[in-house]
There are 2 protein chains.
Amino acid sequence: MEKDIFLAADIGGTTVKLAIIKANGEIVKKWEIRTDRENGGERIPEDIHHALEASLEELHIDKKQVAGIGAGAPGFVDPNSGFIHEAVNIGWKNYNFGAILSELTGFPVWVDNDANLAALGEKWLGAGEGARELIAITLGTGVGGGIIANGEILNGVNGTAGEIGHITVVPEGGAPCNCGKTGCLETLASATGIVRLAKKSIENTHGSILRNIPSDQLTAKDVFEAAQQGDEAAGTVIEKVTDLLGMTIANLAIAINPEKIVIGGGVSQAGSQLLDPLKAAYKKYALRRTYEATSFGLAKLGNDAGVIGAAFLVKANQ
Amino acid sequence: MEKDIFLAADIGGTTVKLAIIKANGEIVKKWEIRTDRENGGERIPEDIHHALEASLEELHIDKKQVAGIGAGAPGFVDPNSGFIHEAVNIGWKNYNFGAILSELTGFPVWVDNDANLAALGEKWLGAGEGARELIAITLGTGVGGGIIANGEILNGVNGTAGEIGHITVVPEGGAPCNCGKTGCLETLASATGIVRLAKKSIENTHGSILRNIPSDQLTAKDVFEAAQQGDEAAGTVIEKVTDLLGMTIANLAIAINPEKIVIGGGVSQAGSQLLDPLKAAYKKYALRRTYEATSFGLAKLGNDAGVIGAAFLVKANQ
């Protein structure tokens, strides 16, 4: 029997996204279960196992059809063994997740970092379709990243490759980052960073319309909307963020020379208001030849990028 | 007959370094010929062909023993076809070098960028021995680079990957670079950049011993030596260069997560005077986990790195 069914799990701090996916990428079923973080997240593999097993039964899918499980987790992963060095939001530390899930389910399991899987998903079926070199950046609460070069995800020697959010963009006097450093890209280009910069910008500008929003309710979306309406304080922030983000992407592109750059995450909903100045900054900071080879696109798969990338992980290793 | 002889050519603007190398990396013979740049460098393939042929004969090496030719050139190379998009210092533009050399010699030919080959050479037999992820940086007149990830050289979609010298480190008000941009790493961390910074630093400092050297004779070596003797103007330059170079390497390492970082080129002859502050800066700017995984080393193969990397290119593709 042909093994043309891929199981996928995208494990986050709040929910585990699950999916049953065909070899052509079609999603047969997708659903979510709660992430049980109690006792260091030890029950998660079993919860995934039961959820997948029940759905296979419900859909009358023969287990012999299943090629394996692809799984993603936010943290430092050894993709060869499925060993999780650390996944802070879930509670795993030195956790042999891949082997445990494989033993429970009887299926082979492949694991990678969730941002890397999102990049793989976009490469397979989304905005990065077919690119051999791709940089995917997720601008959400934080800034995540996945890099594909020579057709393969970069994991690095201990699973920390592609941590684009922690590239230093402000060498001196930068804001503190969750990672312990200062001046990381994440302190500027994440939703949180944009709000932080906007609060500072309001202080230095008279009459910003952002002053009408209670400080604790201000969002990155508000900042983009105010900038759209010509608000100076907001405009300055978007200018600074897109300039430094464009520089960071250009610097990465000088190293990787990608065909495609894919921008996703909540902040990317600003669309061309983000992409247009970002492309201009990229042009300014990239080598001309590097610039000419690259196209920019918004991520297409949204919340499904993780499970689709996880399915691709199975497909690629099958 | 076993094909255990690799021919290598490292083509520079002044000379072509040639070598005959055994499968274990032992150099049987190495020599140089002049680079004939006349008429767009059209005679170079023939010159290489004749030089190699004469040496094979002289050494009584049967052509059947030869696995192929590896060649490096400074410029944008398509390694799959051996096509040179552009190699400014040699005069080639859209030049089908690999195919031409292969037709002349009858051997298969593999071509890559010279800085990439130096990185491959150090990975095979030098300071980066066995590393699956490696960043090699050459600090010479300019700043060159080669990146190895997942065991393979990164070339990128149009041959500009690893152009580390053109990463922007000074976003505003940086010095002009040969590439047309401003504030590139090369404007600071190359021998030329160090001299430029030193000249500026002397102007702002009283009593620097560098003032005793005629301005047009000042070298990067002089700057390191003066700093060693406690000269303030020189010390400030070395501090700035190592801090920003360390930051750039840390930013690259956050993307690639390498096991080894290899520093070569003339400037690297400063040894620990360069490496010690560089490592400190790397520690300051890298993620802790990335930092812990990395070791720094000085390039070991010197001028042979290019031909050894070229031989490895043959070995890897054999």
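Just how far, in whole angstrom, is the stretch A:111-138 from the stretch B:1-55 if you go by their alpha carbon centroids?
Centre-to-centre distance over Cα atoms comes out at 41 Å.
Given A:I249, A:N317, A:A161, which one lies farthest toward the positive end of the charge dipole of chain A, if we put +1 on the Cβ of every Lys and Arg and -1 on the Cβ of every Asp and Glu?
A:I249
How many partner chain Cβ atoms sit within 10 Å of a residue's Cβ in peptide B:255-264, on average, as a whole number? Walk me through the numbers on the way to the answer.
On the way: counts 18, 11, 11, 3, 3, 1, 0, 0, 0, 0.
So the per-residue partner count for this stretch is 5.
Filter the DSSP H helices in chain B by two things, a Kyte-Doolittle mean of at least 1.0 and an axial alpha-carbon span of 15 angstrom or more, and list the hits by number. Write out the running numbers ahead of the final one.
Working: long enough: B:44-58 (21 Å, -0.41); B:114-125 (16 Å, 0.09); B:191-203 (19 Å, 0.22); B:232-256 (35 Å, 1.12); B:272-285 (19 Å, -0.62); B:305-317 (18 Å, 1.42).
Helices passing the filter in chain B: B:232-256, B:305-317.
Report the charge-dipole magnitude of the protein assembly as shown in Debye, nearest 20, computed about the Cα centre from +1 at each Lys and Arg Cβ and -1 at each Asp and Glu Cβ. Intermediate values should be presented prior to the final figure.
Details: 56 positive and 76 negative charges, 138 e Å.
Using only the charged Cβ atoms, the result is roughly 660 debye.
What is the antiparallel percent of DSSP beta bridges lying wholly in the protein assembly as shown, to the nearest 5? Mind showing how you got there, number by number?
Working: 60 of 100 bridges.
Looking only at bridges with both residues in the protein assembly as shown, the antiparallel portion is about 60 percent.
Estimate the FRET efficiency between A:S81 and A:E46 by the formula 1/(1 + (r/R0)^6), using the beta-carbon distance for r and 25 Å for R0, to the nearest 0.05.
On the way: r = 20 Å, r/R0 = 0.80.
For A:S81 and A:E46, the calculated efficiency is 0.80.
What FRET efficiency comes out for A:Q229 versus A:N303 if R0 is 22 angstrom and r is the Cβ-Cβ distance? Round to the nearest 0.05.
Working: r = 29 Å, r/R0 = 1.34.
The formula returns an efficiency of 0.15 here.
Can you put A:L125, A:L134 in order, fewest other beta carbons within 10 Å first?
On the way: A:L125 22, A:L134 26.
With the fewest neighbours first, A:L125, A:L134 line up as A:L125, A:L134.
Measure of size requested: the Rg and Dmax of chain A, with Cα atoms as the atom set and Å as the unit; please supply both.
Radius of gyration, then largest Cα-Cα span, for chain A: 20.4, 70 Å.
Relative to the present Cα-Cα distance, how much length would full extension add between A:A316 and A:Q273 at 0.36 nm per residue of separation? If you can, show how the numbers build up before the last one.
Values: separation 43, 0.36 × 43 = 15.48 nm, distance 3.58 nm.
Full-extension gain reported as 11.9 nm.
Any idea what the relative contact order of the stretch A:129-299 is, in percent, if you count C-alpha pairs under 8 Å spaced at least 6 apart? The partial results should precede the final answer.
Details: 299 pairs, mean separation 39.8, N = 171.
Taking the mean separation of contacting Cα pairs over the length of the stretch A:129-299, I get 23 percent.
How far is the Cα center of the stretch B:149-175 from the Cα center of the stretch A:185-234, in Å?
Distance between centres, Cα-based: 33 Å.
Using 0.36 nm per residue, how much length does the chain from A:R34 to A:K200 gain when fully extended, once their Cα-Cα distance is taken away?
Values: separation 166, 0.36 × 166 = 59.76 nm, distance 3.72 nm.
Here the segment from A:R34 to A:K200 would lengthen by 56.0 nm.
Mind checking the mean number of beta-carbon atoms from other chains within 10 Å of the Cβ atoms in B:164-170?
Values: counts 3, 2, 8, 9, 8, 3, 1.
So the per-residue partner count for this stretch is 5.
Kindly write out, for the stretch A:151-160 in residue order, the coupling ³J(HN,Hα) from the Karplus curve 6.51 cos²θ - 1.76 cosθ + 1.60 (θ = phi - 60°), rounded to whole Hz, with x marking Gly and Pro.
Taking θ as phi minus 60°, the curve returns x, 10, 4, 8, 9, x, 6, 9, x, 10 Hz for the stretch A:151-160.
Among the GluC sites (Glu not before Pro) in the stretch A:135-191, which ones are in a DSSP loop with at most 14 other Cβ atoms within 10 Å of the Cβ? Mind listing them?
Answer in residue order: A:E172.
Among B:A227, B:G13, B:V77, pick out the residue whose Cα is farthest towards the positive end of the charge dipole of chain B, where Lys and Arg carry +1 and Asp and Glu carry -1 on C-beta, about the Cα centre.
B:A227
Among B:G151, B:S268, B:S215, which residue has its Cα furthest toward the positive end of the charge dipole of the stretch B:131-299, with +1 on Lys/Arg Cβ and -1 on Asp/Glu Cβ?
Working it through, the farthest residue towards the positive pole turns out to be B:G151.
Is it possible to state the helix-based mean residue ellipticity at 222 nm for chain B, with each DSSP H run of 4+ residues giving -39500 (n - 2.57), the sum divided by total residues, to the nearest 500 deg cm²/dmol? What is it? Could the numbers behind the result be given before it?
Details: 11 runs with 124 residues, N = 318.
Only helices count here, giving -12000 deg cm²/dmol.
Hey, got a sec? Which chymotrypsin sites (Phe, Trp or Tyr not before Pro) in the stretch A:1-85 land in a DSSP loop and have at most 13 other Cβ atoms within 10 Å? The partial results should precede the final answer.
Numbers: sites: A:F6, A:W31, A:F76, A:F83; in loops: none.
Hits after loop and neighbour filter: nothing returned.
So, with +1 on the Cβ of K and R and -1 on the Cβ of D and E, and no other charges, what is the size of the charge dipole of the stretch A:129-299 about its Cα centre, to the nearest 20 debye?
Taking the Cα centre of the stretch A:129-299 as origin, the dipole is about 220 debye.
From Cα pairs below 8 angstrom and at least 6 apart in sequence, can you work out the relative contact order of chain B, rounded to a whole percent?
Details: 686 pairs, mean separation 62.7, N = 318.
Reported relative contact order: 20 percent.
Since every read-out is calculated from the coordinates, none of them should be taken as a lab result. Here the structure is a predicted model, which is why all the values come from computation and not from measurement. When we count neighbours, we look across all protein chains shown, and the Cβ atoms used for this are built from the backbone with ideal geometry, even at glycine.
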